1. How many residues does the range 664-694 hold that are part of a helix (DSSP H, G or I) and either over 28 Å from residue 534 (Cβ atoms) or of a type in the set (Gly, Ala, Ser) (or both)?
2. Is there any pair with a first residue in the range 834-862 that is within 18 Å of residue 909 (Cα to Cα) and a second that is among the acidic types (Asp, Glu) and not in a helix (DSSP H, G or I) whose Cβ atoms are under 8 Å apart and which are 6 or more apart or on different chains, and what are they?
3. I'd like to check something: does the range 715-732 contain any residue that is outside any loop (DSSP other than H, G, I, E, B) and over 36 Å from the mean Cα position of the chain (by Cα)?
4. For residue 824, which of the numbered conditions (1) of a type in the set (D, E, K, R); (2) in contact with a strand residue (DSSP E or B) (Cβ under 8 Å, 6 or more places away or on another chain); (3) without any contact (Cβ under 8 Å) to a residue 40 or more places away in the chain fails to hold?
5. Name every residue in the range 824-842 that is surrounded by fewer than 21 Cβ atoms within 10 Å (Cβ to Cβ) and touching a helix residue (DSSP H, G or I) at 6+ places or on another chain (Cβ under 8 Å), in order of residue number.
6. Tally the residues that are buried (at least 17 other Cβ atoms within 10 Å of the Cβ) and either assigned to a helix (DSSP H, G or I) or of a type outside the set (A, V, I, L, M) (or both), restricting the search to the range 349-366.
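The values are calculated or read from the model by the stated rules, or taken from the named source; none is laboratory data. The model shown is predicted, which means the values in this text are computed figures rather than measured ones. When we count neighbours, we look across all protein chains shown, and the Cβ atoms used for this are built from the backbone with ideal geometry, even at glycine.
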Amino acid sequence: MTQTPEPRLHAVWQSGAVGLWCETGLRRPGSVAPAGSVTAVGRAGAPAAVVEFLERYSLTHKLGVRVPVEGRVRDARVPGIRISVGAAIDLCRLLEAGESPVGAGRPGGAGVGEGGALWAGAALRALAALSAGVGAFVRSGHIVPELSRFEGGWVAGWSLAASPVVSAWAAECLSRCHGLVTNREELDRLLDALTDQHARMALAPLVRDRRSALGTALITGADVPSGGQALAGAVAEFGRAAAARDVEVVFRIVEPRSGDDARETSDDPSTGEGADEGGGEVLWRLEVLVRTGTDSLRPYAELPDPSVVTDAVGDVVERAVRSWPPLGRAGPARGGPDLLLPTELVVELVDEGVETLRGRGVEVLLPRAWTRVRTAVRVVVSEPGTETVDSGRRLGVDQLNDVNWEMIVDDEPLDPTEVQMLLDTASDLVRLRGQWVRADSGALRRAARFLAARKGGRMTAPALAAALMSEEAEGVEVNAPPTLDWIPSSSSIVVDLPDWFRATLRPYQLEGLRWLTALSRADTGAVLADDMGLGKTMQVLALAASEVGAVGPTGEPICRVGATLVVAPLTLLSTWAREASTFAPALSVTTHHGPERDRDEGAAERLAAADLVLTSYGTAARDVDMLSEVPWRRLVADEAQTIKNPSTGVSRALMAIPAEHRIALTGTPVENRLDELRAVLEFANPGALGSASTFRARFAVPIESRRDEAAASRLRALAGPFVLRRLKSDPRVVSDLPEKQHIRVDAPLTREQATLYRAVVEDMLEQVKESEGAARKGAILSGLTALKQVCNHPAHYLGDGSALLRGGRHRSGKLAALDEVLTEILASDEKVLLFTQYRAFGDLILPMLERRAAAAVPFLHGGVTAAARTEMVRGFQSPGGPPVMLASLRAGGTGLTLTEANHVVHLDRWWNPAVENQATDRVHRIGQSRVVQVRTLVAPGTVEDRIDELLEAKRDLAELTLGPMAGPLTELDDAELGALVALTDEGVEEP
């Protein structure tokens, strides 16, 4: 039977070159059956490019090979060719371009490739896999330069880094290189040759760049004339550092063993830790952990071949000692690189050394338990007949009668003996209940001071909050109830309103009354922060009415009685008096205001005899001494944002008036800054949120500057029990109010406005560039104001008294849009309330409004007297009153009920949406029965457009997330400011 030849091309590494020979594939007894020429592989299907490559070599050599013959490996000499390492790499690439023989030659893969083209022998496939693997190492930077002596000179070359990854790969390759190399030494020489050639090929594009002699030699293979032992040593040191790149070395502190056997001698080969020669000191092991390649960290002693990483580990240990010299006091452990440390040195290491070492790239792992141990204090309450209630449960107001505190370490309470032991210890590391713990001595001392200042006794809810915000609490972790349910729920409070109280409270108002009653009985101040128009005045009147003559089941008074002082803006005094006489006629009401007010001798006694005393903020500040003599049961601050600045005389006066109970009423507890919330709560519950500086450091700065949600959560937990806020959007409220629709009306600038706008922008940016500090901020705010005036009307900006129209056409896009809006509203026989922040603009457009309304239009602004204001409101609210009312945003934004209108138009934007919302609430409030449409006129493509976007993003300010907007605008750089005020094409009307 005739055999079919199956030629195969083989490779063999010989004396710095690669030999290639071809096997015919014919079986002959005792022979390898070599082919006469390597090109015979063409008959086995080798690619034409491979055959052409082989045909370039005509000189035939006798190659010594070791091949299997009849089941035994024999030495043989066969005809073949010798090619350079570079040519061999080219051949391997030809193999890869065809049917690749490389199965897994990549570094870290399964090893040398298997299978592939039938014409390629196993040794050639192994060579291709080695070449591919070395190429991958070169591309990933796993190579190092070498400098060695050769024939009296210095020669530069490249080799693989002696890293664990490379060593493991090479060891795996050796088992698959039969016929190519005979041992590891030959494999290493082949790998060096492949690495050097691959590196030079990769660096060939740089050959024309000018560089050092060493750099040139590493690219071209030239000699290094400047070579020497010093340079060779530096290159070798670089190679060792690169080899250590795949070795990660970290330290781990290991606790001494617990129990009586913890103090063993350092000669104990099993632990290496224990007492020193003095016989009493506990030693801690600083264990060396090693990770090679993708392996996990493991102790040095558990490595399969520690010698592979000995140099790298030694370098890290030496670097650690150099980086933190106190580590030199540690002693060596038996049988490895671990170190033994006394307890005092461990404390130093944790306090100072860990951070220093990490800064030098040396990681130190602490015992896992240490990361959980902390020192804190927490609230504990003992109730008669019950177990202790800890801070993990709700803390009711009744439980505050017997509050105590305890110190905890890692969530475990400590008894006084243990606390004293921790305070007395000389080290942060102590054994507590059988475990080593690290308790910060500073935290312990701070917690001890806190406990010493507060031990038992009756405590109100504000006092508990004040304790958490006290100076002693600074730096102390305090575990208070996660749900600060200090106040009983409204369902647990029974409130009986007398028959003479003539109002029917809505469900949410009744809930507010119960809440106010609960806080009042607990001597706890309240901030009622319902949205404008939800009846805060009514709830306070109901509270006062419910306390008059209230008795318990046995006839005893259940409420302390006395006069209530209401301090409100002057414009609201008549509202309070009117609602009191309408809904609570049995209350005796006195208005303390005006030049005829009672200031004679005995005035304090006469005021104390009233149920309700009404006064303005200005009068309260002027009469603070006399008012302080009255034993007030309650002090109410209406529109409490008036006292948001605690440094004003009005704020100081209200804080100086004593009262058993305080209530702050405000629809906007936060307008711009969180300090305003603190000021309002400081009035209601002095000290509850700490000092101004403490509040800013703990809450205002983190929340306003960094949007710190953790700080916001802590603030809500502290302030939540004292603040009740219901929004008109709340499900329990929305059913009592009609729908409110927000409509943006775009009013493009006229050509005249656009020309003025661009001129103002140019002048503004020029001034800003030439200014710094406060002058720059002033220039920005002045420029923004001018731009908003241009958007209103050219005559508003110019102040020249010119006409609103020119040639029968509007000079302002806003007034043209307003004209259309008024036409629609007046045609429907409905009323509208217009707001502007500029009195001058109101004066400018008032004649136009009166022509459109065919009636006198009231204009409410800061110069209107209280009597004239009341008359304006009465006239507008009457069925036959004027259909249009104009108001400045500040003067008409609070204290009014204008439910006859069901349209609101904001002619220009204020910096703060909360102020605009207050103004809108003059119409959208209890008593309104129709859908309310709120229109905002905006000049598109202008600064108004961008302010509108910012205001929309700022509407969550009341949820404690944003600060004021005007401030950030003044901090913009020139480019950002230019983008803010630039006029785009959409902002100008079409010709």
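1. So the first thing to find is which residues in the range 664-694 are part of a helix (DSSP H, G or I), and the list is 674-684, 692-694.
Filter again for either over 28 Å from residue 534 (Cβ atoms) or of a type in the set (Gly, Ala, Ser) (or both), leaving 679, 684, 692-694.
Within the range 664-694, residues that are part of a helix (DSSP H, G or I) and either over 28 Å from residue 534 (Cβ atoms) or of a type in the set (Gly, Ala, Ser) (or both) number 5.
2. Here the result reads 836/908; 837/908; 838/908; 841/908, each pair linking the range 834-862 to a residue that is among the acidic types (Asp, Glu) and not in a helix (DSSP H, G or I).
3. Going through the range 715-732, the residues outside any loop (DSSP other than H, G, I, E, B) turn out to be 715-724, 731-732.
Filter once more, keeping what is over 36 Å from the mean Cα position of the chain (by Cα): none.
Scanning the range 715-732, I find no residue that is outside any loop (DSSP other than H, G, I, E, B) and over 36 Å from the mean Cα position of the chain (by Cα), so the answer is no.
4. (2)
5. Correct list: 826, 838, 840.
6. Filtering the range 349-366 down to residues buried (at least 17 other Cβ atoms within 10 Å of the Cβ) leaves 349-350, 353-354, 356-357, 362, 364.
From what's left, either assigned to a helix (DSSP H, G or I) or of a type outside the set (A, V, I, L, M) (or both): 349-350, 353-354, 356-357.
Residues that pass the stated criteria total 6.
Condition check ((1) outside the structural domain of residue 631 (by TED's automatic domain parsing); (2) outside any loop (DSSP other than H, G, I, E, B); (3) touching a strand residue (DSSP E or B) at 6+ places or on another chain (Cβ under 7 Å)) across all residues:
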position	(1), (2), (3)
576	no, yes, yes
586	no, no, no
590	no, yes, yes
601	no, no, no
606	no, yes, no
614	no, yes, yes
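Rundown of residues vs (1) part of a strand (DSSP E or B); (2) free of Cβ contacts under 8 Å to residues at least 12 places away in the same chain; (3) over 48 Å from the mean Cα position of the chain (by Cα), yes/no style:
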{"site": "872", "(1), (2), (3)": "no, no, yes"}
{"site": "875", "(1), (2), (3)": "no, no, yes"}
{"site": "882", "(1), (2), (3)": "no, no, yes"}
{"site": "891", "(1), (2), (3)": "no, no, no"}
{"site": "898", "(1), (2), (3)": "no, no, no"}
{"site": "904", "(1), (2), (3)": "yes, no, no"}
{"site": "909", "(1), (2), (3)": "no, no, no"}
